[in-house]
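Participant: Take this structure, written in structure tokens, and hold onto it; I'll ask about it next.
The values are calculated or read from the model by the stated rules, or taken from the named source; none is laboratory data. Not measured: the values here are computed from a predicted model. Glycine also receives a Cβ, built like all others from the backbone with ideal geometry; neighbour counts cover every protein chain displayed.
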Amino acid sequence: MENTLAYAQAQDKNDELKDFRQRFYFPRLNNKFVIYFTGNSLGLQPKTTQDYVLNELEDWASFGVEGHFHARNPWFSYHEILTEKTAKIVGALPQEVVMMNQLTVNLHLLLVSFYRPTKQRYKIICEAKAFPSDLYALQSQVTFHGFNYKDALIEIEPREGEKSLRTEDILKAIEENKNELAVVLFGGINYYSGHVLDMKTITEATHKAGAYCGFDLAHAAGNIKLHLHDWQVDFACWCSYKYLNAGPGSVAGAFVHEKHLRNFDLPLFTGWWGHDKETRFKMEPEFIPMPTAERWQLSNAPVLSMAAYKASLDIFDEAGMDRLTAKSKRLTSYLEFIINQVNNLTNTPDKYFEVITPGDRSCQLSMVPHGRGKELFTQLTAHGVIADWREPDVIRMAPVPLYNSFEDVFQFGEILLHLCAK
Ligand SMILES: Cc1ncc(COP(=O)(O)O)c(C=O)c1O
């Protein structure tokens with residue numbers, strides 16, 4: 001790798017995904033396009049999104065209520081047209097996946113089914129400093145069932161002086177608590193450090209301990225290759241507004257493994273959209289469950305946000321996760337190389353950038369700006385680099401293979417160098 005514009009531009013020229021960049025709107029600052037490294041927080045808007053949403057608005061205007069059956073994509077079954085392509089992204093069978101609600105809502109609905117504490121088995125293992133919404137969901141589920149979350153929640157911390165968990169420590173905690181364990185729930189990619197967890201191994205160990213294993217895939221869906229079905233994960237949920245570019249607060253995803261779909265004894269919070277679709281409109285009082293993940297649906301499809309999701313999903317399907325993850329590895333390695341170059345060029349032991357993301361990478365790198373702190377982040381923003389700051393000390397950056405370029409990464413390095421020189 002080389003820290004030169006010519007090298008970066010040559011990589012872009014040879015990139016078979018390079019044309020996808022033109023399909024997204026980039027924000028501007030002072031009349032210049034920004035360097036957008038925040039697809040891990042809110043993905044950019046595809047240029048087709050407005051048309052997809054407009055189509056549904058037009059059909060609503062043309063058909064009124066008849067749009068449920070006569071719209072170009074009938075709303076009655078709108079969620080179904082998202083299933084197959086979504087399943088490909090998370091490595092699932094189509095019947096294991098449903099798009100509905102939002103992430104935290106889905107987490108609660110899945111915990112209703114998979115967290116069924118008894119006096120003997122009531123504990124949940126999760127990461128210390130889990131994303132707060134997950135933590136609140138877990139605390140409230142435990143309390144709802146009449147247990148004390150301070151006792152029931154086992155939050156695993158990185159070792160002293162380390163920034164991310166070791167798989168062996170997670171496995172040890174599972175083994176030590178195996179007689180009391182009900183559920184293990186982790187972020188598949190830690191939102192703070194960008195650590196990609198070994199989801200297969202954690203799932204296997206959880207099952208050996210006789211518990212259920214679930215993942216929050218907010219930072220993983222559309223970012224890394226997932227094999228939820230093959231890994232035997234019991235349940236998972238994710239949002240669509242980060243890597244999946246479906247827009248702020250858009251519809252979320254849920255996964256339930258095939259092996260549970262025929263278990264009609266699983267407790268469930270129900271609504272009419274989880275009822276067998278063939279007889280749903282008979283409006284009978286008895287709930288007849290769908291034999292798919294659609295059983296967890298409560299309400300009819302939020303078509304406008306699903307249309308926005310579909311715009312991005314169609315792009316994902318064209319690009320394919322294989323090509324996206326191959327580019328992601330190269331692009332993120334280049335970012336790490338550039339950060340190291342800046343460290344070498346500025347060469348001050350008390351001021352340097354430490355990449356804390358361990359092991360196998362997704363596209364996110366988390367970097368601690370030692371000796372510089374949040375001020376550097378603010379200056380980056382003022383110079384048109386949109387990254388994000390996470391307390392207490394991390395700048396998160398995600399060059400996204402769908403729309404970021406090697407030149408973005410090179411230009412970021414130039415700005416970083418310029419700010420260090422100041
Ligand atoms: C890891 C993680 N979990 C949960 C959430 C909460 O998502 P929502 O507000 O869509 O429920 C977020 C939001 O950014 C997140 O990053």
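Participant: So SER305 fits all but one of (1) within 16 Å of the ligand (Cβ to nearest atom); (2) within 30 Å of ARG21 (Cα to Cα); (3) out of contact with any His (no Cβ under 9 Å at 6 or more places or on another chain); (4) part of a loop (DSSP other than H, G, I, E, B); what number is the exception?
Facilitator: (4)
Every residue, every condition in (1) more than 12 Å from the ligand (Cβ to nearest atom); (2) among the aromatic types (Phe, Trp, Tyr); (3) over 14 Å from the mean Cα position of the chain (by Cα); (4) not assigned by TED's automatic domain parsing to the domain that holds LYS178, yes or no:
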| site | (1), (2), (3), (4) |
| --- | --- |
| TRP231 | yes, yes, yes, no |
| TRP238 | no, yes, no, no |
| TYR243 | no, yes, no, no |
| GLY253 | no, no, no, no |
| HIS257 | yes, no, yes, no |
| HIS260 | yes, no, yes, no |
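Participant: Please work out if THR206 is part of a helix (DSSP H, G or I) and either touching a Cys at 6+ places or on another chain (Cβ under 6 Å) or in contact (Cβ under 8 Å) with a residue 60 or more places away in the chain (or both).
Facilitator: Details: part of a helix (DSSP H, G or I): yes; either touching a Cys at 6+ places or on another chain (Cβ under 6 Å) or in contact (Cβ under 8 Å) with a residue 60 or more places away in the chain (or both): yes.
Here the answer is yes, as THR206 does meet what is asked.
This table checks each residue for (1) farther than 25 Å from PRO248 by Cα; (2) touching a residue at least 40 places away in the same chain (Cβ under 8 Å).
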residue	(1), (2)
MET321	no, yes
LEU331	yes, yes
GLU391	no, no
ARG396	no, yes
ASP408	no, yes
GLU414	yes, no
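Participant: Output the number of residues of region 320-349 satisfying the condition of being modelled with pLDDT of 95 or more and part of a loop (DSSP other than H, G, I, E, B).
Facilitator: Here the count works out to 1.
Participant: Regarding region 61-75, can at least one residue be identified that is within 16 Å of the ligand (Cβ to nearest atom), buried (at least 21 other Cβ atoms within 10 Å of the Cβ), over 20 Å from the mean Cα position of the chain (by Cα) and outside the structural domain of PHE377 (by TED's automatic domain parsing)? So that I can check it myself, show each step before the final result.
Facilitator: Step one: filter region 61-75 for residues within 16 Å of the ligand (Cβ to nearest atom), giving none.
No, region 61-75 contains no residue that is within 16 Å of the ligand (Cβ to nearest atom), buried (at least 21 other Cβ atoms within 10 Å of the Cβ), over 20 Å from the mean Cα position of the chain (by Cα) and outside the structural domain of PHE377 (by TED's automatic domain parsing).
Participant: Also, I was wondering about something else. Looking only at region 208-221, filter to residues that are of a type outside the set (A, V, I, L, M, F, W, C) and away from the ligand (no atom under 13 Å from the Cβ); which one of those is nearest to GLU96 (Cα to Cα)?
Facilitator: Restricting to residues being of a type outside the set (A, V, I, L, M, F, W, C) and away from the ligand (no atom under 13 Å from the Cβ), the top hit is TYR212.
Participant: Then there's this: Which one is surrounded by the most Cβ atoms within 10 Å (Cβ to Cβ), of the residues in region 135-152 that are away from the ligand (no atom under 16 Å from the Cβ) and farther than 11 Å from LEU111 by Cβ?
Facilitator: ALA152
Participant: Just name the residue that is surrounded by the most Cβ atoms within 10 Å (Cβ to Cβ) out of those in region 232-281 that are part of a loop (DSSP other than H, G, I, E, B) and in contact with an Asp or Glu (Cβ under 8 Å, 6 or more places away or on another chain).
Facilitator: The qualifying residue surrounded by the most Cβ atoms within 10 Å (Cβ to Cβ) is HIS257.
Participant: Follow-up question, since we're still on this one. Tell me which of these ILE35 doesn't satisfy, since it passes every other one: (1) away from the ligand (no atom under 16 Å from the Cβ); (2) surrounded by fewer than 20 Cβ atoms within 10 Å (Cβ to Cβ).
Facilitator: (2)
Participant: Right, another one. Can you tell me which condition ASN179 does not meet? The list is (1) closer than 22 Å to ARG116 by Cβ; (2) part of a loop (DSSP other than H, G, I, E, B); (3) within 16 Å of the ligand (Cβ to nearest atom); (4) not charged (D, E, K, R), and all the others hold.
Facilitator: Only one criterion in (1) closer than 22 Å to ARG116 by Cβ; (2) part of a loop (DSSP other than H, G, I, E, B); (3) within 16 Å of the ligand (Cβ to nearest atom); (4) not charged (D, E, K, R) is unmet by ASN179, namely (3).
Participant: Inside region 90-113, can you point out the residues that are β-branched (Val, Ile, Thr), surrounded by 24 or more Cβ atoms within 10 Å (Cβ to Cβ) and touching a helix residue (DSSP H, G or I) at 6+ places or on another chain (Cβ under 8 Å)?
Facilitator: Within region 90-113, VAL97, VAL98 meet the criteria.
Participant: State the number of residues belonging to region 114-134 that are assigned to a helix (DSSP H, G or I) and either buried (at least 18 other Cβ atoms within 10 Å of the Cβ) or away from the ligand (no atom under 16 Å from the Cβ) (or both).
Facilitator: Of region 114-134, the ones assigned to a helix (DSSP H, G or I) are 114, 132-134.
Remaining after also requiring either buried (at least 18 other Cβ atoms within 10 Å of the Cβ) or away from the ligand (no atom under 16 Å from the Cβ) (or both): 114, 134.
Looking only at that region, the number is 2.
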